[in-house]
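For reference, the structure is listed below as structure tokens.
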Amino acid sequence: MKFQILTKLLLPVFLLASACGTRKLPLIKDDGKINVVFIQINDVYEIAPLANGSIGGMARVGQLKKELKQTNPNTYMLMAGDFLSPSVYNSLKYEGKSIRGRQMVEAMNIAGVDLAVFGNHEFDIKEDELQDRINESTFKWVSSNTFQVKNSTVQPFEKRTSITSEKFPESYILSVRDTDGTTAKIGFIGITLPFNKASFVSYTDPLITAKKVYNQIKDSVDAVVALTHQLMEDDVELARQIPGLQVIAGGHEHDMRFQKEGNVYITKAHANAKSAYVINMSIDKNTKLVTVNPVLKNLDQSVLIDSTVNKVVDKWIEIADGSFGAQGFDSKAIVLANSEPLDGRETEIRTQSTNLTRLVTSSMLYAYPEADGSIFNSGSIRVDDVLQAPVTQYDIIRTLPFGGGVHLTEMKGNLLQQILDTGLKNRGIGGFLQYGNINYETNNTWTVKGLPIDPQNNYKIVITDFLLTGNEANLEFLTENNPGMIKVYPEENNPKNLKSDIRLLIIDYLKNK
């Protein structure tokens, strides 16, 4: 009896549940519109924040992506080149090997980089080191005009694991889908300026290649983005030649650039993740209309630090401190307790002298009191920051991450004149020269210690070992073999010789001045 009563009570519930189970839920209608967000960073050499922790840092980059992805799952991070070198870590070793960008790849992996293109400085490191970094990366690469020379043949770079290999594509297609079912395809071209002439790298013409690859993919995608690492004027020309591009997300200049050429936006964020471009792209499949809205986001204290990425940053800081100690540095030691801010911003040092560049040239003269003058290239300074007191040894290390020695040379006045004239023409790039005891006068003449340069006189000039290689822009004539180079004085082969590392030299100069 009780069972019959229970059955009668439950039967309506079963019938209701059965009816609900067969009822179709209303479908969300595909509206043919989809929004995609791209976070663009470029020229990042520091994984940790700058300016006493107040700006930049890969942990802030990771936090930005996390926040934007919560709002729109179709959020992707782009790296527009130059992240493996130059870096303060590149002169350090870990687990018996030179670090050479390993810290940056690990930070990029955790922060959520999705797609990268080569910058010219990726080829500063050795081929096997670059291959290791590629293999460690969990993000994708696109490389339209940059290839590997292997066994006398030109072939795509590739990512290798123990069981697979993945060749870098000339174009990358990103497929996206939103909650109502709208799908879209976005094509990427990856262009790198053919600046670094490493023997294992081969380039095709950037513009010709970009046009070729664009034409190959434009009819099979809904939008095309050029991910580039080249000069701004080359990006402008690219926009003029391929007006169908939606955006050129670029790098190389460091000082943030923004321009709209025709309907094509060109975006370049500040170096060292001081900012990121947030590029909002809306695709209407019905009208075939694509709209782009780039917004510069400053990565300052308004952006939180992602704890997961920060663990990676802290790990590498600890590794670096140990390695610096092995090289004779005490990274936390204060070298300037009280000082006016030292200006190492690239916008300044590549166009004029600053108190920081004068500190370097004075240190070089301190090493050789008998010298008439000193010269170094602005590109040696990579800090792109204003150093605030107290200044530590680490600040000096990161200011000049390449390190390298200084040499006393003796040269003819006409060669010195040619060097200085070329350096002046290099204004705006790393080949712009800084000098001590040398001045450019208003009557377009150069003076050394207050006297005009005599083309036939000999001058003792301190220069960096990098300049002596002839590898700086337009200064290929500056080598030991130049007829105007009378002598390069030999250096003592001694690891304690301060002249063998300009950073140790600067620290010693500050200690004794």
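Quick notes on this structure:
- Candidates VAL225, VAL264, VAL236, VAL213 - the one that is assigned by TED's automatic domain parsing to the domain that holds SER152 and more than 30 Å from GLU346 (Cβ to Cβ): VAL213
- Residue within the stretch 106-126 that is at pLDDT 95 or above, at positive phi and within 21 Å of the chain's Cα centre (by Cα) present: yes
- Residue match in the stretch 166-182 (condition: modelled with pLDDT of 95 or more, in contact with a Pro (Cβ under 7 Å, 6 or more places away or on another chain) and either hydroxyl-bearing (Ser, Thr, Tyr) or crowded, with 21+ Cβ neighbours inside 10 Å (or both)): yes
- The residue of the stretch 390-426 that is nearest to the chain's Cα centre (by Cα), among those that are part of a loop (DSSP other than H, G, I, E, B) and within 19 Å of GLU348 (Cα to Cα), is PRO401.
- Cross-chain or 6+ apart pairs with Cβ under 6 Å, the stretch 358-384 first and among the aliphatic types (A, V, I, L, M), then in a loop (DSSP other than H, G, I, E, B) and surrounded by fewer than 24 Cβ atoms within 10 Å (Cβ to Cβ): LEU365/ALA371
- Selection within the stretch 118-136 - surrounded by fewer than 18 Cβ atoms within 10 Å (Cβ to Cβ) and either of a type outside the set (Asp, Glu) or more than 22 Å from ARG100 (Cα to Cα) (or both): LYS126, GLN131, ASN135
- Yes/no for VAL61 being of a type outside the set (Lys, Arg), surrounded by 24 or more Cβ atoms within 10 Å (Cβ to Cβ), over 24 Å from VAL391 (Cα atoms) and in the same structural domain as VAL225 (by TED's automatic domain parsing): yes
- Residue match in the stretch 93-104 (condition: farther than 26 Å from SER323 by Cβ, of a type outside the set (A, V, I, L, M, F, W, C), assigned by TED's automatic domain parsing to the domain that holds LYS167 and assigned to a strand (DSSP E or B)): no
- Of all residues in the stretch 74-86, exactly one satisfies the criterion of being surrounded by fewer than 24 Cβ atoms within 10 Å (Cβ to Cβ), in contact with a strand residue (DSSP E or B) (Cβ under 9 Å, 6 or more places away or on another chain) and either part of a loop (DSSP other than H, G, I, E, B) or of a type in the set (A, V, I, L, M) (or both), namely ASN74.
- Counting the residues of the stretch 333-385 that are aromatic (Phe, Trp, Tyr) and crowded, with 23+ Cβ neighbours inside 10 Å gives 1.
- Whichever residue in the stretch 292-306 is outside any loop (DSSP other than H, G, I, E, B) and out of contact with any helix residue (DSSP H, G or I) (no Cβ under 8 Å at 6 or more places or on another chain) and, among such residues, is nearest to ASN272 (Cα to Cα): ASN298
- Within the option set THR447, THR409, THR442, being within 27 Å of SER91 (Cα to Cα) and hydroxyl-bearing (Ser, Thr, Tyr) holds for one residue only, THR409.
- Flag if ARG133 is within 21 Å of the chain's Cα centre (by Cα) and in a loop (DSSP other than H, G, I, E, B): no
- Sole residue being without any contact (Cβ under 8 Å) to a residue 60 or more places away in the chain, surrounded by 20 or more Cβ atoms within 10 Å (Cβ to Cβ) and either of a type outside the set (Asp, Glu) or within 28 Å of SER331 (Cβ to Cβ) (or both), chosen from ILE396, ILE461, ILE419: ILE419
- Filter pass, ASN151 being surrounded by fewer than 19 Cβ atoms within 10 Å (Cβ to Cβ), assigned by TED's automatic domain parsing to the domain that holds HIS229 and under 17 Å from TYR203 (Cα atoms): yes
- Count of residues meeting criterion [touching a residue at least 24 places away in the same chain (Cβ under 8 Å), out of contact with any strand residue (DSSP E or B) (no Cβ under 7 Å at 6 or more places or on another chain) and not hydroxyl-bearing (Ser, Thr, Tyr)] in the stretch 193-215: 6
The values are calculated or read from the model by the stated rules, or taken from the named source; none is laboratory data. Values in this document were obtained by computation on a predicted structure and should not be read as measured data. Using ideal geometry, Cβ is built from the backbone for each residue, glycine included, and neighbour counts are taken over all protein chains shown.
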